[in-house]
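Here is the structure we will look at, set down as structure tokens.
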Amino acid sequence: MKVPCTIAMSGRTNLAHPFGVRSTLVVLAGIASGALFIGERRRRTAAERFAAAGLETLLNAIDANDAQTGAHVRRVAAYALIIADAAQLSAHRKKIVERVALFHDIGKIHEALFDIIHDHTHLTPAERRAIATHPQRGADVLAPITPFYPDLAAGVLAHHERWDGTGYPNRLRGRRIPMAARIVMLADTFDAVTHNRRYRNGRGVTSAAEIIASGRGTQFDPELVDLMLLPPVFNRIVAEERALRPRPRATGRDRRHGERESAVRDVMFRWRTEPRVQNAPDHASQKSR
């Protein structure tokens, strides 16, 4: 008869024991913290998705406002990723390179620069000074999403800096220039040489290689130049350039049923390795200063 009473008293004593209370509070606090962490993680994930959607929207805005620049940045992204792959960068750093390439010219989508860029005459000194503001303009546009993409605005800002410190806007020298910007500068130059500009026709890939080699150690990172011009790497870039080259329109097709033809492959922001669908003609030149 005494055993049940002892058990009951033991139970009450355990519940009232200070250690039991502390343990219970610790468990409850852990549950609450876990719930808060899950909630915070969900909010963070939602914010990251919103930021990624914002980048997609910006890329679509580039295409909508200036299809020539849209085609240019997609080509630059394709070449830059080949160089980044040859440099054996991590997957994370490759994504940084891709983003900087895709948005390096977003500062040109500005009413103060748009007419200058698309005017089919040689640039005046004043126009050149205006064009030189586009890295800063681009960095300013991208600044609000820096918490999610901390390397993006800095890479865009630095994509016209030179290895010898004579570039703009901040005269960065050597390895002070972000790696992504150094890679994008090479890819940007290759595309500038091989595709039509408003004041000259594009030249061949051999000319592009010669111009890049001549800038080794002055305009460009010498190690990246050596890497890019290695035959296996350069041949991949040349093959990509040919794949992305505008295709001539077919003749004699019946367009009465709404058939549409496209001229430039669309390199998706969410990078894919399968063949990409063309959707934007590139009849004019792209400017890269």
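Brief remarks follow.
- Backbone HN-Hα couplings from phi across segment 237-245 [Karplus 6.51/-1.76/1.60, Hz, Gly and Pro as x]: 5, 4, 4, 5, 4, 5, 5, 8, 5
- Farthest towards the positive end of the charge dipole of segment 47-189, among the residues 156, 59, 177, is the Cα of 177, using unit charges on the Cβ of Lys, Arg, Asp and Glu.
- Simple label model, 7 Å out from Cα along Cβ direction - residue 92 to residue 46, nm: 2.6
None of the figures in this text is laboratory data; all of them are computed from the coordinates on show. Because the structure is predicted, anything quoted here is derived from the model rather than measured. We place every Cβ from the backbone using ideal geometry, glycine too, and count neighbours over all the protein chains shown.
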